[in-house]
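Everything on this sheet refers to the single structure shown next.
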Amino acid sequence: MKNNLSFNSTNIRALVMVFALLAICIFFHIATDGIFLSAANITNLVRQSSIVGILAIGMLLVIVSGNIDLSVGSLVGFFGGIASIFFMKIGMSLPVAISITLLFGFVVGCLQGALTAYLRIPAFIVTLGGLLIFRGSIMAIMQGETISVNNEFQIFGSGFLSTKISISIAALAIIFYSFHLFYQRKIKNKFGLKFSAVPVVILKIISFSAFVCFFLWVFTANNVVSEIMPITTPIRVPAESPLAQLHEYQNANHTVTLSATTGIDKAIPVPVIVMLALALIVGFISTRTTFGRRVFAIGGNAEAAYLSGINIKFNTMLVFGLCGLLSAVAGIVYTARLGSAAPDAGAGYELYAIAACVIGGTSLMGGRGTIFGAIIGALIMASLDSGMSILNIEPFYQNIIKGAVLILAVYIDVASKKKN
């Protein structure tokens, strides 16, 4: 049996996305005179991308199944507001408030999925209606009020793990990844499938270890007292939004500066851990479970999936349920990071989630996409946003550039389909 030293189209697409991200980072690093790749800015960049990343993970399976969900941005604001009401107004304990919010998110997602699958209303229309319904609902519930959350809640969006815990997690990640590669190689060899040579496996482990250690160093670098003012890219809201008038929002940069220069023991941001944990879970579901394989089969060829005995309606409903659940998670992280919930929170995030998936290689025609690609897409979107903000590029030019990048990504997908 010969070792498999070649790359398939998925691996090539992933490498292209990684190199595109590196090229963007290098460009902005040079253009900003070294500010873009500073430890403080990288930390804030990955924190910023975590919310879009969580949404993109849920959106990925929806798009892979051949559907679309335009309501996730409104669901971010809706569930962020619901969680803050449960915790701050009603007085529920934090675990209970979060659990009920997540359950509510799954139910709402399943409801939209049922309308799409069983009543055959196009997903575009169902979720567009959901975008308006849930935005209007939270506005009616909150009556234009902003609800501040305390430090206990804010840990999900602004908290950090200690250096010791972060190092332990990094070490476990490297050990688990190494074991996974060698175990996968052993299984493929056992069943007579093509497998990677040992040097290739070792190279992957070294590359992954270097990647993990680099980010661990970046995160822990913020513990060092520095006279350099960190660059932060907080969540931006419209000037007319109630959130824009909050003291916490107006002093976001000052808050980050204090925490970065007082030597507090902090390393990996909590929202990044949440995003990575969800990526691993959903990645396992999509590639290692019957449900995941059925979702890809439905998106690839719905008629063939039906003839093979797959319950398309039920699985479609579950896909939307999972997307609603992750939207609730993103809403909690969004509210926790900003420190307050407002009716218009998360506006436009559905477009960012879709863009992250498409830029990461997910086909809008269904049947193809990876969690890794969605995360890379979220990082690319966050990098463009952060870099252009540091360069003080006008917001309308930023939208033009990001829109052009999205169109280019879709064109590449369509062109690759025609070539195949």
Selection status of residue 381, surrounded by fewer than 24 Cβ atoms within 10 Å (Cβ to Cβ) and in contact with a helix residue (DSSP H, G or I) (Cβ under 8 Å, 6 or more places away or on another chain): no
Within the range 181-216, the count of residues that are touching a residue at least 60 places away in the same chain (Cβ under 8 Å) and within 26 Å of residue 268 (Cβ to Cβ) comes to 1
TODO: Answer with yes or no whether residue 113 is touching a Phe, Trp or Tyr at 6+ places or on another chain (Cβ under 6 Å) and either free of Cβ contacts under 8 Å to residues at least 12 places away in the same chain or in a helix (DSSP H, G or I) (or both).
DONE: yes
Going through the range 26-46 in order, the residues found to be of a type in the set (Gly, Ala, Ser), touching a residue at least 24 places away in the same chain (Cβ under 8 Å) and exposed (fewer than 15 other Cβ atoms within 10 Å of the Cβ) are 31
Residues of the range 15-37 being in a loop (DSSP other than H, G, I, E, B) and under 18 Å from residue 213 (Cβ atoms), in sequence order, are 37
It is to be established whether one or more residues within the range 210-228 are modelled with pLDDT of 90 or more and touching a Cys at 6+ places or on another chain (Cβ under 8 Å).
no
Per the filter on the range 133-161, residues closer than 14 Å to residue 84 by Cβ, assigned to a loop (DSSP other than H, G, I, E, B) and hydrophobic (A, V, I, L, M, F, W, C) are 149
Quick check, is residue 299 at pLDDT below 95, out of contact with any Cys (no Cβ under 7 Å at 6 or more places or on another chain) and not in a loop (DSSP other than H, G, I, E, B)? yes
In the range 346-368, residues that are within 15 Å of residue 123 (Cβ to Cβ) and in a helix (DSSP H, G or I) total 4
Checked the range 396-413 for anything in contact (Cβ under 8 Å) with a residue 12 or more places away in the chain and either of a type in the set (A, V, I, L, M, F, W, C) or buried (at least 17 other Cβ atoms within 10 Å of the Cβ) (or both); matches are 401, 402, 405, 406, 409, 410, 413
Filtering the range 304-313 down to residues that are in a helix (DSSP H, G or I) and either charged (D, E, K, R) or surrounded by 14 or more Cβ atoms within 10 Å (Cβ to Cβ) (or both) yields 305, 306, 312, 313
With respect to residue 393, determine if the residue is under 20 Å from the mean Cα position of the chain (by Cα) and either over 25 Å from residue 297 (Cα atoms) or touching a residue at least 12 places away in the same chain (Cβ under 8 Å) (or both).
no
Of the candidates 56, 83, the one satisfying the condition of being closer than 22 Å to residue 331 by Cβ, buried (at least 19 other Cβ atoms within 10 Å of the Cβ), small (Gly, Ala, Ser) and within 18 Å of the chain's Cα centre (by Cα) is 56
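The values are calculated or read from the model by the stated rules, or taken from the named source; none is laboratory data. Since the structure is predicted, the reported quantities are computational estimates derived from the model, not experimental observations. No Cβ is skipped: glycine too gets one built from the backbone with ideal geometry, and neighbour counts run over all protein chains shown.
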